[in-house]
Amino acid sequence: MPSAPKNNKRRNRVEQAQVQRKEKPSNKESLSDASPNNFPIVAIGASAGGLEAITSLLHALPAEPGLSLVFIPHLDPTHESAMVELLSRTTRLPVHQAAEGMHVVCNAVYVLPPNSDMTISDDVLHLVRREAGRGHHMPIDSFFTSLADDRTSNAIGVILSGNANDGTLGLSAIKNKGGITFAQDLQTAKYDGMPNSAIASGAVDFVLPPERIAQELIRIQRQPSPEEHPGGTFDGKDRLMKEVFRLLRSVSKVDFGDYKVATIQRRILRRMNINRVTELPDYVKLLQRSPQEIESLYRDVLINVTGFFRNPEVFESMRDVVYPKLLLERNLSEPLRVWVPGCSTGEETYSHAISLVEILSELRVEVPIQIFGTDLSESAIQRARTGFYKESVSSEVSEIRLRRFFHKVPDGYQISKSIRDMCVFARQNVFSDPPFSRMDLISCRNVLIYLSPILQKKVIPIFHYALKDRGFLLVGNTEGLLQSGTDIFDLVDRRAKIYQKKSVPSPVTFGFTMSPPTFHEPGPEKLTRGPKEEEGPAKTPLDVQREADRLLLTKYVPSAVVVNDDLEIVQTRGRTSRFLELPTGKASLNLLKMARPGLLYELRSLLEKARKNSVPVSKDMIALEEANQTTTLRLEVIPFRTPARDQRHFLVLFEEKDHSEAVQPSPAQLQPAKSASDPKDMQIAQLKQELASTKEYLQSIIESQEATNEELQSANEEIQSGNEELQSTNEELQTSKEELESANEELNTVNEEIQHRNQQLAQLSNDLINLLNSATIPMIMLGEDLHIRRYTPEAERVFGFSSHDIGKALTHLHLKLDIPELERWMLDVMRDVSMRNEQIDAYDGRSYKLRITPYRTLENKIDGVVVTLLDITDLLEERSHQPARRSQAKS
């Protein structure tokens, strides 16, 4: 019974683990007899130089490691791979080439075939044909991510030697699901690109050489799995768990006591496994003496699962359902505000920004966008602010979006500045910190799933409070609202999990007090205050306050306009028709084109001073002529910037000093004029005429300057267009470079296989040469054309040819043997696929038995013959002497 020893070994391992945990023995007889998912699956990714590393790893594993290994190399899609054959020579485990629908079993190795991508679901491998996409091919990330979803804490990821950064995102997914991650150390890695990228991402638990990785895999396999731990040990009310929460709270200021127990349990067991601890009390002692371990546990508990445009169908529903309602009858000056709690490293936040910019471009509408991303992890927030992501982002973002909203930088891509400026990132605890307000949309995906019902009942009213009337709430596909949430939210899209705020009071209870601070102990008079003093003055309704503000602005505030940095009017206050008018021809809101005569030069001068010095400027006693009346004005220009968009604007105030004061000369004033001489009147008229001509000339210069500015602006736009084309060309060249690098990695893998094959062929050639040289039987190997391939040294002497005759036809040589039918016999053997024996004589009088056999290849193809001679001279002589001996004996 060959399986009995195996079962005994496995039974011993399980019993040892039970003794270590001080639990009662279970009825499991072997690992294979338990649930089918109790053994870990180890996914190993490698590229150039990975064959040597995986060989060392497999060589260090025992015959029954108690786990399954899936090897994902970078292979050339156009060549067959000998990886299965090469690995089979280095391990006692069975090595299989993966196939569609193949079930993964324990104690076996599976290898990705060429020109394929592979995923796993319910321990079954699924293969699809590799798609010819741009940039690097990422088969490792694809399989690692599917393994993380399928096996969660029983998934193990290993990155070995290779270039580029394939596998980094996959390791992050495995770590976030509670699995263990490894990377080959940079000293032993032949190419350190892939290990270095994984280590830099912070997703690697162990950095070891391949032999040490094998040892850790065996240790992890023997550790109790999360399913084997009793759930009561991790009860949130347990004394030890309370101590864990207290230690976490001392470092992070976050209370994880009401998080889901299963989530906290997976993260603690993962850290226990990494630290080689089997008992929770021992791990609590480790936390108490190691602040670094508390920080590591805190980072593990903050699960950062995100990606660009995750679940694309959700964003399609947002475009169809949410965005049109948010933009319908909207004031174009009112910003569209979005809040993304639990934003992690920012992909979700930037996805909403890109989606909003796209739909606004399609509608040709300009609306300010403000998006706030918050998270508990300060490191994640820092990464989100930079907007830098690895090259693997190209598999999540379409090529059009990649060119429009990303810039290629070394080792990855960075979000364009225009998108980054729309997004504000901050560290926030949504349960205790003040929430945002007046939000149009809250995107809270994959956050509620980790919260207990107690925390969900607390956070949902906060979201209701933060939203505007009829605002929208987006939650994850696997999440939903409790009954308390459906009372204040309407379900809009069941598939995408989109909710809309009901017009009901928000039942929110914040974790902070709204009362003013108290700097001394309350006296008795404060303890005996009446209820009216406690309540304070009644609040003024918001609409009443706004109407009062409007009336005050209309009555007391001077007329004013707000212009942007291009002097385009964006807002008006009061009656400005006396100072501004639409110009004839093409409509324009440019302030200088709308200014009435007499104000243009003064406005231009004041605006230039305010623009140059960035300080308010003003001028008094400016005369504005209207028919026969003159109005005295005071002009003031005040520069300012908007905090949200950081753009400069100018506030222009028109303040009247004398209201419509007509210029009517008195009789006393007219008398001196009548006595004035005619030459003086003529001189005044001439000066007025010169002044008018000067104004016209100045106006022409101004128009010429404006025309020049327009030409320069047009030239600038052409330069920008050319720059965009050059940038597009540069991105295409970069993509080609990535494809060449990917092909180079695949060729390196093929080169390694060829080198191993060459080593094997050299060994076989040496064996064959030594075998032929040591043989004392004349033997010749002939090809299908009857040309000599190989022969033994004895054949050279018997047949009478030399080493110079290799490659020549045997039948064309002068042999020491008289075999006229040799060619026909050899052709008959190849045709009939049979052996032929003949007796022949040599010229030296010796006799031989000629044996001709077909030459078969490994594919059972006939590719020549093998000619062998056996010297039977002595045997024939002995037979000829036997009759004479018999006759002598009879006589």
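The values are calculated or read from the model by the stated rules, or taken from the named source; none is laboratory data. Keep in mind it's a predicted model, so treat the numbers as computed, not measured. All Cβ positions, glycine included, derive from the backbone under ideal geometry; neighbour counts span all protein chains shown. Quick note on the areas: whole protein, heavy atoms, side chains included, nothing else; ligands and nucleic acids left out. Shrake-Rupley method; radii C 1.70, N 1.55, O 1.52, S 1.80 Å.
Inside the stretch 234-253, can you point out the residues that are at pLDDT below 80 and buried (at least 17 other Cβ atoms within 10 Å of the Cβ)?
Scanning the stretch 234-253 gives F234, G236, S252.
Give the stretch 169-184 a look and list any residue that's of a type in the set (S, T, Y) and open to solvent by 10 Å² or more (accessible area, probe 1.4 Å), or say none.
S172
Which pairs have Cβ atoms under 9 Å, sit 6 or more apart or on different chains, and link a residue in the stretch 807-819 that is within 16 Å of M779 (Cα to Cα) and touching a residue at least 24 places away in the same chain (Cβ under 8 Å) to one that is small (G, A, S) and loosely packed, with under 14 Cβ neighbours inside 10 Å?
Sorted first by the residue in the stretch 807-819, then by its partner, the list stays empty.
Can you confirm whether the stretch 743-764 contains a residue that is of a type in the set (S, T, N, Q), in contact with a His (Cβ under 9 Å, 6 or more places away or on another chain) and either open to solvent by less than 30 Å² (accessible area, probe 1.4 Å) or on the phi < 0 side of the Ramachandran plot (or both)?
Among the residues of the stretch 743-764, at least one is of a type in the set (S, T, N, Q), in contact with a His (Cβ under 9 Å, 6 or more places away or on another chain) and either open to solvent by less than 30 Å² (accessible area, probe 1.4 Å) or on the phi < 0 side of the Ramachandran plot (or both), which makes the answer yes.
Which number in (1) assigned to a loop (DSSP other than H, G, I, E, B); (2) farther than 17 Å from D150 by Cα; (3) open to solvent by 40 Å² or more (accessible area, probe 1.4 Å) marks the one condition that E100 misses?
(2)
Return yes or no: is A183 aliphatic (A, V, I, L, M), in a strand (DSSP E or B) and modelled with pLDDT of 85 or more? Outline the logic, then answer.
Values: aliphatic (A, V, I, L, M): yes; in a strand (DSSP E or B): yes; modelled with pLDDT of 85 or more: yes.
Yes.
Restricting attention to the stretch 464-494, report how many residues are in contact (Cβ under 8 Å) with a residue 24 or more places away in the chain and either assigned to a helix (DSSP H, G or I) or of a type in the set (F, W, Y) (or both).
Of the residues in the stretch 464-494, 7 are in contact (Cβ under 8 Å) with a residue 24 or more places away in the chain and either assigned to a helix (DSSP H, G or I) or of a type in the set (F, W, Y) (or both).
I'd like to know if the stretch 20-41 contains one or more residues that are within 29 Å of the chain's Cα centre (by Cα) and either modelled with pLDDT of 90 or more or basic (K, R) (or both).
Yes, because at least one residue in the stretch 20-41 is within 29 Å of the chain's Cα centre (by Cα) and either modelled with pLDDT of 90 or more or basic (K, R) (or both).
Report, ordered by the first and then the second residue, all pairs with beta carbons closer than 8 Å, sequence separation of six or more or different chains, a first member in the stretch 395-408 that is on the phi < 0 side of the Ramachandran plot, and a second member that is of a type in the set (F, W, Y) and assigned to a loop (DSSP other than H, G, I, E, B).
These pairs meet every condition: E396/F308; E396/F309; V397/F308; V397/F309.
So, in the stretch 293-306, of the ones that are polar (S, T, N, Q) and within 14 Å of G202 (Cβ to Cβ), which residue ends up modelled with the highest pLDDT?
Among them, the one singled out is S296.
Just the residues that are exposed (fewer than 14 other Cβ atoms within 10 Å of the Cβ) and closer than 19 Å to S774 by Cα, please, taken from the stretch 794-805.
From the stretch 794-805, those exposed (fewer than 14 other Cβ atoms within 10 Å of the Cβ) are 797, 802-804; that's our starting set.
Those that are exposed (fewer than 14 other Cβ atoms within 10 Å of the Cβ) and closer than 19 Å to S774 by Cα: R797, S802, S803.
Specify the residue that is surrounded by the most Cβ atoms within 10 Å (Cβ to Cβ); the eligible residues are those in the stretch 63-82 that are free of Cβ contacts under 8 Å to residues at least 60 places away in the same chain and closer than 27 Å to S742 by Cβ.
Among them, the one singled out is L69.
What residue, of E625, E608, is assigned to a strand (DSSP E or B), charged (D, E, K, R) and open to solvent by 70 Å² or more (accessible area, probe 1.4 Å)?
Step by step, each of E625, E608 is checked, and only E625 is assigned to a strand (DSSP E or B), charged (D, E, K, R) and open to solvent by 70 Å² or more (accessible area, probe 1.4 Å).
Within the set of pairs 6+ apart or on separate chains, which have a first residue in the stretch 728-745 that is more than 19 Å from N163 (Cβ to Cβ), a second that is of a type outside the set (G, A, S), and C-beta atoms under 8 Å apart?
S728/R403; N730/K408; E731/L402; E731/R403; E731/K408
So the check is Cβ under 6 Å with 6+ separation or different chains; which pairs have a first residue in the stretch 83-107 that's modelled with pLDDT under 90 and a second one that's open to solvent by 40 Å² or more (accessible area, probe 1.4 Å)?
Close Cβ pairs satisfying both conditions: V84/Q97; L86/H756; T90/H59; R92/A63.
Out of the residues in the stretch 686-742 that are touching a Lys or Arg at 6+ places or on another chain (Cβ under 7 Å) and of a type in the set (S, T, Y), state the one that is modelled with the lowest pLDDT.
Here the answer is T735.
Do we have any residue at all in the stretch 272-288 that's buried (at least 17 other Cβ atoms within 10 Å of the Cβ) and over 30 Å from R219 (Cα atoms)?
Within the stretch 272-288 (the criterion being buried (at least 17 other Cβ atoms within 10 Å of the Cβ) and over 30 Å from R219 (Cα atoms)), the answer is no, since none of the residues qualifies.
List pairs: first in the stretch 563-574 and farther than 18 Å from L606 by Cβ, second of a type outside the set (S, T, Y) and open to solvent by 70 Å² or more (accessible area, probe 1.4 Å), Cβ under 7 Å, 6+ apart or cross-chain?
none
Does T776 satisfy the criteria of being polar (S, T, N, Q) and open to solvent by 60 Å² or more (accessible area, probe 1.4 Å)?
Considered against the rule, which asks whether it is polar (S, T, N, Q) and open to solvent by 60 Å² or more (accessible area, probe 1.4 Å), T776 comes out as yes.
Pairs under 8 Å by beta carbon, first residue surrounded by 11 or more Cβ atoms within 10 Å (Cβ to Cβ) in the stretch 575-591, partner acidic (D, E), six or more apart or different chains?
Short answer, once both residue conditions are applied: R578/E626; L589/E568; N590/D566; N590/E568; L591/E568.
Report, by residue number, each residue of the stretch 722-742 that is under 22 Å from R404 (Cα atoms), open to solvent by less than 50 Å² (accessible area, probe 1.4 Å) and out of contact with any strand residue (DSSP E or B) (no Cβ under 8 Å at 6 or more places or on another chain).
Within the stretch 722-742, G722, S728, T735, E738 meet the criteria.
Do we find that F431 is part of a loop (DSSP other than H, G, I, E, B) and either surrounded by 19 or more Cβ atoms within 10 Å (Cβ to Cβ) or of a type outside the set (S, T, Y) (or both) in this structure?
yes
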